[in-house]
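A.B. asks: Take a look at the following structure, please.
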Ligand SMILES: Nc1nc2c(ncn2[C@@H]2O[C@H](COP(=O)(O)OP(=O)(O)OP(=O)(O)O)[C@@H](O)[C@H]2O)c(=O)[nH]1
C-alpha cells in the first residue's frame, strides 16, 4: 500500500492547500511506518510524523490515557455494548505482551460533504482550536495522535479528506488501508446525511470487506435546539443501523463529545489490533511448530498423479 507523505500545507485564497507525495509502501495496511523511519521524510506541516512518536519520546498527554473502555454515545446505534476491554486483550496488555501493536499507526479516514466540519472536528481534537472561517480542504491532510491504552502506546493517523466533488478523485486515493471510516454530516443539513451512504460506499470499495469500523458523526450540535437535535438524531440513528455504523453527535465549536468520540475510536481500533496480533502470532507459531503443516494441494491421489507425471516428463 503506498503511504502518502504530506509535504506542504499552506493557506491560499481561503483554501487549505495540501501537497502530497507517495513514498515506498508499508508492509501492511495500517501498520506503522515508524516515525523516525528513513521512509518518511520531513514534512514541515501539521501532519508531520513527529520524532516524539518513537517509544523513547515524551509520555503521552494525560487526556490521551485510556484505562477503561470508553462508552458509546447511544445504545441504539453502537458497534459494541460492552463496558470492558476483551478479557484476552486486558491480560495481554497487563503482561506487556502486545507484540508490534505499540508501534502501530492505525489509519482513520474522515469523509463527508464539503462544509460539514471534518477539518474542524479533527482540529478541535488534535489542536484544541476552532476556526470560524471556512477554508476548503484541497486533497488530503493528516494528523497523528498518540494514546496510551491499557498501558500500551498506540497511535491514530487521522486523514482529513476534501468534501468538494472536484477533489474527490485525489482524496479517494487515500481511503485504502483504513481501519476506521468516519462519515460526517451536518446535523443542520439533512442532505449531507443522505450523502453519507455514497461516501461510505466509496470508502469501503477501497478496503477489504468487514475490515473497517464505521462511524456516522453528526456535526455542529451547538447550532440545534434540544428538540431539533433529537429529531435529527433519530434519522441519523436509523441510517447508522443500516450502515452498521456507530452514531455520535458532536460540536467542534464547543468541543462537546469530541474527546469522548475519538477515545472510543481509538479503543475499538486498539482492541481489534491486539486481537489481530494475537491471532497472527498464534497462527505463525502453528506453522513453525507443527511438522505436518506443509500441506499438499488437491487430493492425495491427484498429488501422487501430478508428481508421477512431472517426474515422467523430466529427462
Ligand atoms: N457552529 C459550528 N460551526 C462549525 C462546526 N464545525 C465546523 N463549523 C464551521 O463550518 C464550516 C466548515 O467547516 P470545515 O471543518 O472547514 O468543513 P470541512 O468538512 O472540512 O470542509 P471541506 O474541507 O470543504 O470538505 C467552517 O466555517 C467551520 O467554522 C461546529 O461544530 N459548530
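A.B. asks: Scan (1) surrounded by 19 or more Cβ atoms within 10 Å (Cβ to Cβ); (2) touching a strand residue (DSSP E or B) at 6+ places or on another chain (Cβ under 6 Å) for the single condition residue 104 breaks and write down its number.
C.D. replies: (2)
A.B. asks: I'd like to verify a number: residues in the stretch 170-193 that are near the ligand (Cβ under 10 Å from one of its atoms) and either part of a loop (DSSP other than H, G, I, E, B) or modelled with pLDDT of 95 or more (or both), how many?
C.D. replies: 6
A.B. asks: Could you please find all residues in the stretch 117-158 being more than 11 Å from the ligand (Cβ to nearest atom) and either part of a loop (DSSP other than H, G, I, E, B) or farther than 30 Å from residue 96 by Cβ (or both)? Reasoning before the result, please.
C.D. replies: Within the stretch 117-158, the first condition is being more than 11 Å from the ligand (Cβ to nearest atom), and the residues that meet it are 125-128, 142-158.
Passing the criteria: 127, 128, 150, 151.
A.B. asks: Could you please tell me which pairs satisfy a Cβ distance under 6 Å, a separation of 6+ or placement on different chains, a first residue in the stretch 116-129 that is touching a residue at least 24 places away in the same chain (Cβ under 8 Å) and farther than 12 Å from residue 160 by Cα, and a second residue that is near the ligand (Cβ under 6 Å from one of its atoms) and assigned to a loop (DSSP other than H, G, I, E, B)?
C.D. replies: From the stretch 116-129, the pairs are 124/252.
A.B. asks: While we're here: Show the residue pairs that are 6+ apart or on different chains and have beta-carbon atoms under 9 Å apart, the first residue being within the stretch 103-114 and at positive phi and at pLDDT 95 or above, the second being in a strand (DSSP E or B) and within 9 Å of the ligand (Cβ to nearest atom).
C.D. replies: Cβ pairs passing all conditions: 112/161; 112/184; 112/186; 112/219.
A.B. asks: While we're looking at this one, here's another question. Of all the residues that make up the stretch 122-141, how many are in contact with a strand residue (DSSP E or B) (Cβ under 6 Å, 6 or more places away or on another chain) and closer than 30 Å to residue 84 by Cα?
C.D. replies: Final tally of qualifying residues: 2.
Table: residues versus (1) buried (at least 22 other Cβ atoms within 10 Å of the Cβ); (2) modelled with pLDDT of 95 or more.
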residue	(1), (2)
129	no, yes
143	no, yes
156	yes, yes
165	no, no
168	no, no
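A.B. asks: Sticking with this one: For the stretch 78-116, name all the residues that are in contact with a helix residue (DSSP H, G or I) (Cβ under 8 Å, 6 or more places away or on another chain), over 23 Å from residue 253 (Cβ atoms) and part of a loop (DSSP other than H, G, I, E, B).
C.D. replies: Result: 79, 80, 84, 85, 86, 98, 99, 100, 104.
A.B. asks: For the stretch 159-169, what are the residues that are part of a strand (DSSP E or B) and out of contact with any helix residue (DSSP H, G or I) (no Cβ under 7 Å at 6 or more places or on another chain)?
C.D. replies: Passing the criteria: only 159.
The values are calculated or read from the model by the stated rules, or taken from the named source; none is laboratory data. Remember, it's a predicted structure, so these values are computed and weren't measured experimentally. Ideal geometry is used to build each Cβ from the backbone, glycine not excepted, and the neighbour counts take in all protein chains shown.
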